[in-house]
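Asker: If you scroll down you'll find the structure; I have some questions about it.
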């Protein structure tokens, strides 16, 4: 029994570790906006495209990446895109101008679109259905760990040379490329390797997509506004802003397994309503944070609840279409990261004019997410159905 349990944990570990990549690559840029402005002689709004240009191609490719990865084979697809991610990171580190930097960030986003959904899809098939929520919670904790490392490395690099941050992402991706992303020795080649796109176009999937898009363009993207506010309005250094942003990621990391257990216990609808309502309220309260301490406390609370939202959506998306788990998850994640990409474009210009209005506006989108959970028919969809051959 002990040997079996050890083998199962070893099978999951590469999936969990790989979950760090997406948040790390996304967030690492946030504490370094002033340094990027100086290096490229650009405005805050222009530099913010370094964040958005990563997420928009990521979101667009996610519409199909999970399904394509299932067809091509999860293991070879994930490994190949780690290599592409590493190469694009090197280009960011060496970029002579903003346009090269933005192009490389876009390639990083495209590469990551093939990683995240395939890892969670693999997790759904190596975990017992009764424990799936807990497993997604642990995966979410590893994602939060990547998010926690990113502002530290990004902030330290901002205070020395921001380019070293992208040397870090290149190294991380290169190491992961050498580790099998799944427990199996090889990709399966059979009739199941050609899942359908059409199976994703259901009412349930569209409702979830609208809910996650609204959350991501609003309350669960609030760390971008926190980072800019910390640097520009409260005068924190890159290191200090990185540490402030770390609070939310650490809370998400610590609470991920708790949220997973709660999801298993109360079901996706109740968990989703609780998470969405909580993160909406905290995002609104951030409008009134007028000191680094208050901002850090509310950011920590927000980070924990953002992790809760992520656990619920990932669990739902990876189990609604059992014959195309990777495709379903990538389809929903496309809406999420489209929202993450649009959020800064919408709210940073508002933030430059009126800080409270930006936070309250972002928080208001959470009400749409709350409404979508009333429309979701749960019917046990947060429990994965294991395939016969696993």
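Asker: Among 80, 73, which is the only one that is farther than 25 Å from residue 163 by Cβ, more than 22 Å from the chain's Cα centre (by Cα) and surrounded by fewer than 20 Cβ atoms within 10 Å (Cβ to Cβ)?
Answerer: The conditions single out 73.
Asker: What pairs can you find where one residue is in region 148-168 and outside any helix (DSSP H, G or I), the other is buried (at least 17 other Cβ atoms within 10 Å of the Cβ) and at pLDDT 85 or above, and their Cβ atoms are less than 6 Å apart, with a gap of 6+ or different chains?
Answerer: As it stands, the answer is 162/32; 162/35, since those pairs meet every condition given.
Here's the yes/no breakdown for (1) surrounded by fewer than 24 Cβ atoms within 10 Å (Cβ to Cβ); (2) over 12 Å from the mean Cα position of the chain (by Cα); (3) at pLDDT below 85:
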site	(1), (2), (3)
286	no, yes, no
291	yes, yes, no
296	yes, yes, no
307	no, no, yes
310	no, no, yes
314	no, no, yes
322	yes, yes, yes
341	no, no, yes
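Asker: Every residue in region 197-231 that is buried (at least 24 other Cβ atoms within 10 Å of the Cβ) and outside any helix (DSSP H, G or I), please.
Answerer: 218
Asker: List every residue pair whose Cβ atoms lie under 8 Å apart, where the two residues are 6 or more positions apart in sequence or sit on different chains, the first residue falls within region 273-292 and is in contact (Cβ under 8 Å) with a residue 40 or more places away in the chain, and the second residue, located anywhere, is crowded, with 19+ Cβ neighbours inside 10 Å and assigned to a loop (DSSP other than H, G, I, E, B).
Answerer: So the pair list comes out as 280/218; 283/218; 292/236.
Asker: Now a separate question. For region 90-119, give me each residue that is more than 18 Å from the chain's Cα centre (by Cα) and part of a helix (DSSP H, G or I).
Answerer: If the condition is that a residue be more than 18 Å from the chain's Cα centre (by Cα) and part of a helix (DSSP H, G or I), then 90, 91, 92, 93, 94, 98, 99, 100, 101, 102, 103, 104 are the ones that fit.
Asker: Also: How do the helices (runs of 4 or more DSSP H) wholly within region 1-66 filter down when requiring 3 or more residues that are farther than 27 Å from residue 256 by Cβ and either in contact with a strand residue (DSSP E or B) (Cβ under 8 Å, 6 or more places away or on another chain) or modelled with pLDDT of 80 or more (or both): which remain?
Answerer: In region 1-66, the matching helices (runs of 4 or more DSSP H) lie at 33-40.
Asker: Further question on the same structure: Are any residues in region 326-370 out of contact with any helix residue (DSSP H, G or I) (no Cβ under 7 Å at 6 or more places or on another chain), in a helix (DSSP H, G or I) and without any contact (Cβ under 8 Å) to a residue 12 or more places away in the chain, and if so, which ones?
Answerer: Correct list: 353 only.
The values are calculated or read from the model by the stated rules, or taken from the named source; none is laboratory data. All values derive from a computational prediction rather than experimental measurement. Glycine also receives a Cβ, built like all others from the backbone with ideal geometry; neighbour counts cover every protein chain displayed.
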